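The values are calculated or read from the model by the stated rules, or taken from the named source; none is laboratory data. The structure presented is a predicted model; accordingly, all values stated were derived computationally and were not measured. Virtual Cβ from ideal backbone geometry, glycine too; neighbours counted across all protein chains shown. Ligands, DNA and RNA are stripped out before the accessible areas are found, and what is left, the full protein with its side chains, is counted by its heavy atoms. Shrake-Rupley method; radii C 1.70, N 1.55, O 1.52, S 1.80 Å.
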Amino acid sequence: MSFLYFFAVKKAKLQGPPDKFNTYVTLKVQNVKSTTVTVRGDQPCWEQDFMFEISRLDLGLIVEMWNKGLIWDTMVGTVWIPLHTIRQSDEEGPGEWSALEAEVLMKDDEICGTRNPTLHKILLDTRFELPFGEFGSFASHPVTFLFYTSSINRG
């Protein structure tokens, strides 16, 4: 069973001179990667939406911000968002500010978190939608739906 996850990369607040930054954002989940356009300045605004069909709810979304360089790109920071923490909604929301962090934590060759916050922040809106018609009775009973999704995670 798969769920549709929607991610909106809205904007960022970066610490440093505006001419230092020419940034883009990558989203990675379940062996799929998507990238925003590159935007200049210390307050880049992307307002780009991405949709992923995800079947493994035990994973997380990794968000990386990169500064484009002449020869190579450098990472500005990263955020890891566990999929089970993402809200269910049929509508886009205002988003939530997250601090970009400098390090990725690994466990058994999978990303399990991030640490060492930087001074940079990113505004993301994350949500998932229930498959159409699949959970008609679950939609009105969130506790039942949570129990059902946790049983999916256990296999």
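Taking all protein chains together and a 1.4 Å probe, the residues His84, His120 rank His84, His120 from largest to smallest accessible area.
Taking amide H positions as modeled 1.01 Å from N, with prolines and chain starts lacking one, the residues under 5 Å from Val76 and 5 or more places away or on another chain are Met65, Trp66, Asn67.
Computed over protein heavy atoms with a 1.4 Å probe, the accessible surface of the range 59-126 works out to 59 Å² per residue. Between the residues Leu4, Ile54, Thr35, the greatest Cα displacement towards the positive end of the dipole of the range 1-54, with unit charges on the Cβ of Lys, Arg, Asp and Glu, is found for Thr35. Remark: the range 22-123 carries a charge dipole of roughly 300 debye about the Cα centre, counting +1 on each Lys and Arg Cβ and -1 on each Asp and Glu Cβ. Rounded, prolate or oblate: which fits the range 1-109 when a ≥ b ≥ c are the square roots of the eigenvalues of the alpha-carbon gyration tensor, with rounded for a/c under 1.5 and prolate only if a/b beats b/c? It is prolate, given that a/c is not under 1.5 and a/b is the larger ratio. Close amide H partners of Gln88, meaning residues 5 or more places away or on another chain with modelled amide H under 5 Å apart, are Phe128. Summing Cβ point charges (Lys, Arg +1; Asp, Glu -1) relative to the Cα centre of the range 1-82 gives a dipole of roughly 120 debye. Across the range 37-51, coupling constants 3J(HN,Hα) worked out from phi with the 6.51/-1.76/1.60 Karplus curve, θ = phi - 60°, read 6, 8, 10, 8, x, 8, 9, x, 10, 9, 6, 10, 9, 9, 10 Hz, and Gly and Pro carry x. Taking a ≥ b ≥ c as the square roots of the eigenvalues of the Cα gyration tensor, the range 73-134 is classed as oblate, since a/c reaches at least 1.5 and a/b does not exceed b/c. For the range 57-72, backbone phi angles converted through the Karplus equation (6.51, -1.76, 1.60; θ = phi - 60°) give residue-by-residue couplings of 7, 8, 8, x, 8, 9, 10, 10, 10, 10, 9, 6, x, 5, 9, 9 Hz, Gly and Pro being listed as x. Take the alpha carbon atoms of the range 88-102, find their center, do the same for the range 17-32, and report the distance between the two centers in whole angstrom. Cα centroid to Cα centroid, the span is 16 Å. PRE reach from Ile111 (point 7 Å along Cα→Cβ): which of the range 50-67 fall under 14 Å by backbone N? Residues 59-66 fall inside that zone.
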